[in-house]
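**Student:** The structure's right below; bear with me while I get my questions together.
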Amino acid sequence: PEGPPVWTALNFLSSMIREARETKVLRMSLAPDSEKDYVLLDDVVKILVRLAISGVHQVYNVASGENIRHSTIAEIVSAELGLKILWDKGPTVKYPPISVQRISDEFLFFPSKVGDSIKNLAAHFSKD
């Protein structure tokens, strides 16, 4: 399917949705309660430019600041595409939350909610 480059790129979410669409099964390799921070590339690019121009610290965390559970991702994609979810017997992997307090305070950086974008991405793939 055509769409914005990030949607058609070979990244984790696009690859997962593309495969699920072809097989009619959303296969998840990690446990449902696994979680990590996902951030939108658009948000990263926008804040990196601002950090390069006017950042005053040596180190900034560029992240969404919120972990999202794999079960949440699976439920969003499954609902949008009408797919069965198959959970492999993978381990639970939970990354610690990443603080974005410094860039939020300094640059009023409030990243997009990734769940909304996952729904839009899945909807994009459902159009074919």
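The values are calculated or read from the model by the stated rules, or taken from the named source; none is laboratory data. Please read all numbers here as calculations on a predicted model, not as lab measurements. Using ideal geometry, Cβ is built from the backbone for each residue, glycine included, and neighbour counts are taken over all protein chains shown. These accessible areas exclude ligands, DNA and RNA; they are computed on the full protein's heavy atoms, side chains included. Shrake-Rupley method; radii C 1.70, N 1.55, O 1.52, S 1.80 Å.
**Student:** Amide H to amide H under 5 Å from K94: which residues, 5+ apart in sequence or cross-chain, H placed 1.01 Å off N in plane?
**Tutor:** Amide H to amide H, under 5 Å and 5 or more residues apart or across chains, K94 pairs with E35.
**Student:** Please report the relative contact order for the chain, taking Cα pairs under 8 Å with a sequence separation of at least 6, and give it as a percent rounded to a whole number. Intermediate results must be reported in sequence, preceding the final value.
**Tutor:** On the way: 185 pairs, mean separation 48.2, N = 128.
This gives 38 percent for the chain.
**Student:** Scanning the chain for trypsin sites (Lys or Arg not before Pro) in DSSP loops with at most 13 other Cβ atoms within 10 Å, what's the longest stretch left with none? Write out the running numbers ahead of the final one.
**Tutor:** Values: sites that count: K24, K89, K113, K127.
In the chain, the maximal stretch lacking such sites is 25-88.
**Student:** Taking 0.36 nm per intervening residue step and subtracting the Cα-Cα distance, what contour gain separates V56 from K84 on full extension? All intermediate terms of the calculation are to be shown ahead of the outcome.
**Tutor:** Working: separation 28, 0.36 × 28 = 10.08 nm, distance 4.81 nm.
Roughly 5.3 nm would be gained on extension.
**Student:** Something else: If I stretch the segment between T92 and S112 completely, what's the gain in nm (0.36 nm per residue apart, minus their alpha carbon distance), one decimal?
**Tutor:** Working: separation 20, 0.36 × 20 = 7.20 nm, distance 2.55 nm.
Gain in length upon complete extension: 4.7 nm.
**Student:** Another question, then. Counting heavy atoms of the protein chains only and a 1.4 Å probe, report the per residue accessible area for the chain as a whole number of Å².
**Tutor:** On the way: 7890 Å² over 128 residues.
I get 62 Å² per residue for the chain.
**Student:** First compute the accessible area of the chain with a 1.4 Å probe, then give the percent of it belonging to carbon and sulfur atoms. Intermediate results must be reported in sequence, preceding the final value.
**Tutor:** On the way: 4350 of 7890 Å².
Looking at the chain in its full context, I get 55 percent from C and S.
**Student:** Still on this structure: What ranking of F110, F125, F12 comes out by heavy-atom accessible area, probe 1.4 Å, highest first? Don't skip to the answer; put the middle values down first.
**Tutor:** On the way: F110 150, F125 0, F12 100 Å².
Descending accessible area places them as F110, F12, F125.
**Student:** Same structure again: Rounded to the nearest 500 deg cm²/dmol, what is the calculated helix-only ellipticity per residue at 222 nm for the chain, with -39500 (n - 2.57) per DSSP H run of length n ≥ 4?
**Tutor:** Values: 6 runs with 62 residues, N = 128.
-14500 deg cm²/dmol, from helical runs alone.
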